[in-house]
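A quick write-up on the structure given underneath.
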Amino acid sequence: MDFDWTEEDRTYRARIRNFLERELPPNWVEISRHGPGSREQTEFSLDFCPKLAEAGLLVPHWPVEWGGANRPAWEHFILGEEMWAAGEPRGAQYMNVNWIGPTLMRFGTPEQKRRYIPEMAAGKAIWCQGFSEPNAGSDLASLRTHAERDGDAYIINGNKIWTSYAAMAQHCFLLARTTGEAMGKAGIAIFLVPMSTPGIEVRAIPSLIGHGDIHEMFFTNVRVPVSARLGEEGEAWSIISYSLANERVGIPRYELAVRVLGGMVRELAARGAFEDHVVRARAGSALASCEAARMLVYRAVDKRARGEMIGAEASMARVAVVEADHAVTDFGLDFLPDTFSGRAFPAHLAHHERAIVTGIAAGAAEIQLGLIARHWLDLPREAT
Amino acid sequence: MRFNPNEDQATFLSVLEQMMESEEAGWRQAHEWARFDWSAPFDTMMEENGFFDCAVEETLGLVAAAAMTYRVASLPIAVECAASSILRPQYAPELPRPIAVIERHAEDPIRFLPMAKSVLFLGSDRISAAILNPDAVEPVESLFAYPMGLLKTRELDWQPIDADPDAVHDSWRIALAAEMTGALKGGLDAVVAHVRERHQFGRPLGSFQALQHRLASAATKIEAAYWLTLKSAQRIGPADAAAALGYVQEASTKVIYDLHQFMGAMGLTLEHPLHRWTYRARLLRSSLSGADANLAAVSAKRWSAL
C-alpha cells in the first residue's frame, strides 16, 4: 500500500497548474461566474480545450490512436482535480473526456468513432446526455422516449428533462426505447443524435445552480439513421452501467471543497476569529470529511487504474463527497455568513450555489445508498 | 498511489486472518457476567509469531501495523494490540507487553491495566514508561468491554522515552483510529448478518430501506475511516492522524446508535457480542479528549501558519 503521489505525479500536477496560471485570463472569475454550463464558459471552452489538446492535456489517458498518450488513469484523475478546482474551464467537455469518448471507443462502430472522437480530442465538441425524463428520474429504466424503426431510420418521439448543456450542445447521447415499456432495462437503445436534427426543441429551465445546467428537450418525429444507434437494441443498460461507473467518481468535488475551506479559514484568521476552539473543531471536521471523500474516491480510481470493474466503491465515494461538500458549505454559512451575499467572495458563492446538486446529479445519494446496501452489504432487495 | 497491499503485507494479513479463525479468537461468553473476554492464548500466538513487531519490518511498516490493529479490534475478544504494535516498536522496543497507556490523568481508570506488564505515559511535554508489578494495580468494574484498572501508586520507576511528544501523540491517534474503526466494523458485520437472517413482517429486516440506508451510510463511514487511518500510518500530511481519529470519533455516535437499534433486544444481552464492539468504541470516543479536540488538532496542524 502506498497512499502518496509519485514524483512523476507531482510534476504532472505542477505542469497543469502552470498551464492554468498561464492560460486562464484575468477575467476568468467573470467568465466562470455562472458555471460550466453557461454560454460564457462553454464558448471559452471551445478556445481553451484546443489549447489543452495541443499541450497534450485534454485526453492524455486515451489511446494514441485517438489522440491520447496512453497515460495512466491516475494522471487523468489529477487533471480532473485541477480542472474542477479551477472552476472547470473545459465546460461541458469534461464529459467527453471522462466517459462519452471512452464509451464510443469501446462500443462505437468504426464510422461513429471516426465521426465523433477526433472532434472530442481536438476540444471542439459539446455533448449533452439525454437520460432523465419527466417520469423517469431515479427510476431511469422506466423512460418512455420512443424510437420506432422505419426502414433504415428511427423516428424518435418523447421528452427529456434536467439535461445539462443542452442549449449549447452539438450532439446528444440519447436513451430511447425501441420496444414497449414493459421491457424495462432490456428495451432501451442509445442514439448519437446531432442536436441540429429537425424536430428537437430545447427549453432552458431557470435554476439555482448556475446557467445552462437544466433544460427540457422535446423530440417530435426526429428522424435519425440506423447508423446513429450505439450498440444493439436493448444494449443500452449494460453500456451505460459501464459509462456511469466512470461518471460516478468523475467529478472530484472534494478538491474544490478543500480549497474553498482553506480560503474560509484564511479569511477567519485575517478577522482574528480562527483561535476559537469551536471554529477550529468545525474546520477540522469539514477537512476530515473532504479527506475521507478523497480516500474513497481514490480507492475507486485505484480499481479503475488496475483495470477492475468499480462496483459499490463508486457509490461510497459519491455518498462521502456529498457529505464533504455540505460540510464545507455549512462551515462557511455558520462562521462567515456575510461572505455569501455580494460579489467579494466568488469562490464561496460558487461553492454554495453548486453544492446542492452534489447529492442529486448522476444518481441521487439515496440510490447510491441502496446500491451499497445490495452490492456491498449483500442485503436483500426491498420487497415490492 | 496503490491501495493493494504489497506481497509481504498480503501474506502477513492473510496469516493474521487464519489466526483470527482460530477458536481462541472467537466469541465466548465471559465468566460471571463479565463484559470482556481476555484471550491470553491468542495474545501469545500473536506475540510468538512476531506480529507486534511488524511496524519495523521494512516491507510491512506502520501501515501493516494499523491494518492489523483494525482487524484484531473486529474480534469479540480483548487484545492489547494498538500500543504494542504501533507505539512499542517505534519508541520503546524493550518494554514488556501488554502495555497500558495513560493519556491524561494517572488516576483515571485505564484500559488493559489489569493485564499490563508495563505502562506508557503520554504527557503533553514528555513521554515516559515504567514496568508494572501486579501490586500496583487494582482492577475496576466497567461497562466498557476492556479489562480496566486503577494505578494504586504513581511511585513507579519511570524512565523517560526520548521521543517528540507530538509525534508519539500522532502515533497513538493512528493506533486509536485503527482500533476504533475495527471495533465499529466488527459491530457492523454482526448487525448485517443479523438483519439478513431475522424475519419480521414476513421478510428479512435487512430488506427494509430504513435499515438499508443507515447501514450503507455506516459502512461508508467505516470504509472512509479505515483508509484515512492507513494513509495516516504512512505519515504523509501533518494533520492526517488527527483527521483519522477525529473523523471516526465523530462518526461513531450515529453508527453505534444504529447498530444497537437494528440488533434490538438481542444486542442488550451479554449473550451476544455486539456490546464488545460498541462499548469499546464508546470508550475510544473519549480518547485524547474526544472528537472535537482531535478535529481542532486537525486545524492546528493543517493551518499551523495562520
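The values are calculated or read from the model by the stated rules, or taken from the named source; none is laboratory data. Nothing here was measured: the structure is a model prediction, and the numbers come from that model. Using ideal geometry, Cβ is built from the backbone for each residue, glycine included, and neighbour counts are taken over all protein chains shown. SASA here: full protein model, heavy atoms, side chains in, ligands and nucleic acids out. Shrake-Rupley method; radii C 1.70, N 1.55, O 1.52, S 1.80 Å.
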task = Give the residues of region A:350-384 that are open to solvent by less than 50 Å² (accessible area, probe 1.4 Å) and away from chain B (no Cβ under 12 Å), sorted by residue number.
result = A:Ala350, A:His351, A:Arg354, A:Ala355, A:Val357, A:Thr358, A:Gly359, A:Ala361, A:Ala362, A:Gly363
ask   = Which ones in region B:1-24 are more than 14 Å from chain A (Cβ to nearest Cβ), open to solvent by 50 Å² or more (accessible area, probe 1.4 Å) and not polar (S, T, N, Q)?
value = B:Val15, B:Glu17, B:Glu21, B:Glu23, B:Glu24
ask   = Looking at A:Leu336, is it more than 9 Å from every other protein chain (Cβ to nearest Cβ), among the hydrophobic types (A, V, I, L, M, F, W, C), open to solvent by less than 30 Å² (accessible area, probe 1.4 Å) and in contact with a Lys or Arg (Cβ under 9 Å, 6 or more places away or on another chain)?
value = yes
key: In region B:217-239, residue most open to solvent (accessible area, probe 1.4 Å) [restricted to those that are touching a Ser or Thr at 6+ places or on another chain (Cβ under 8 Å) and either free of Cβ contacts under 8 Å to residues at least 60 places away in the same chain or in a helix (DSSP H, G or I) (or both)]   = B:Tyr226
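On the basis of being in a helix (DSSP H, G or I) and basic (Lys, Arg), does B:Arg71 make the cut?
Numbers: in a helix (DSSP H, G or I): yes; basic (Lys, Arg): yes.
Answer is yes for this residue.
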message = Being in contact with a helix residue (DSSP H, G or I) (Cβ under 7 Å, 6 or more places away or on another chain) and open to solvent by 20 Å² or more (accessible area, probe 1.4 Å) is the filter here; which residues of region A:110-128 pass it?
response = A:Glu111, A:Lys113, A:Ala122, A:Lys124
query = Residues A:Arg299, A:Arg304: which one is open to solvent by 10 Å² or more (accessible area, probe 1.4 Å), assigned to a helix (DSSP H, G or I) and either more than 8 Å from every other protein chain (Cβ to nearest Cβ) or in contact (Cβ under 8 Å) with a residue 24 or more places away in the chain (or both)?
reply = A:Arg304
message = Can you tell me which residue is nearest to the chain's Cα centre (by Cα) among those in region B:83-125 that are among the polar types (S, T, N, Q) and open to solvent by 50 Å² or more (accessible area, probe 1.4 Å)?
response = B:Gln90
inquiry  = Restricting to region A:270-296, give me the number of residues that are open to solvent by 30 Å² or more (accessible area, probe 1.4 Å) and at the interface with chain B (Cβ under 7 Å from one of its Cβ atoms).
reply    = 2
query = What pairs can you find where one residue is in region B:160-188 and over 14 Å from B:Val298 (Cα atoms), the other is open to solvent by 20 Å² or more (accessible area, probe 1.4 Å) and in a strand (DSSP E or B), and their Cβ atoms are less than 6 Å apart, with a gap of 6+ or different chains?
reply = none
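Just checking, does region B:25-37 include any residue being touching a Gly at 6+ places or on another chain (Cβ under 6 Å), part of a helix (DSSP H, G or I) and open to solvent by 10 Å² or more (accessible area, probe 1.4 Å)? If you could, list the steps in order and put the result at the bottom.
To start, the set of residues in region B:25-37 that are touching a Gly at 6+ places or on another chain (Cβ under 6 Å) comprises none.
No, the conditions are met nowhere in region B:25-37.
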query = Has region B:193-203 got any residue that is more than 9 Å from chain A (Cβ to nearest Cβ), within 21 Å of B:Arg280 (Cβ to Cβ) and open to solvent by less than 30 Å² (accessible area, probe 1.4 Å)?
reply = no
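If a residue counts only when it is under 16 Å from B:Leu288 (Cβ atoms), which strands (runs of 3 or more DSSP E) contained entirely in region B:77-142 have at least 2 such residues?
Details: elements: B:99-102, B:118-122, B:127-131, B:137-140.
Per the criteria, B:99-102, B:118-122.
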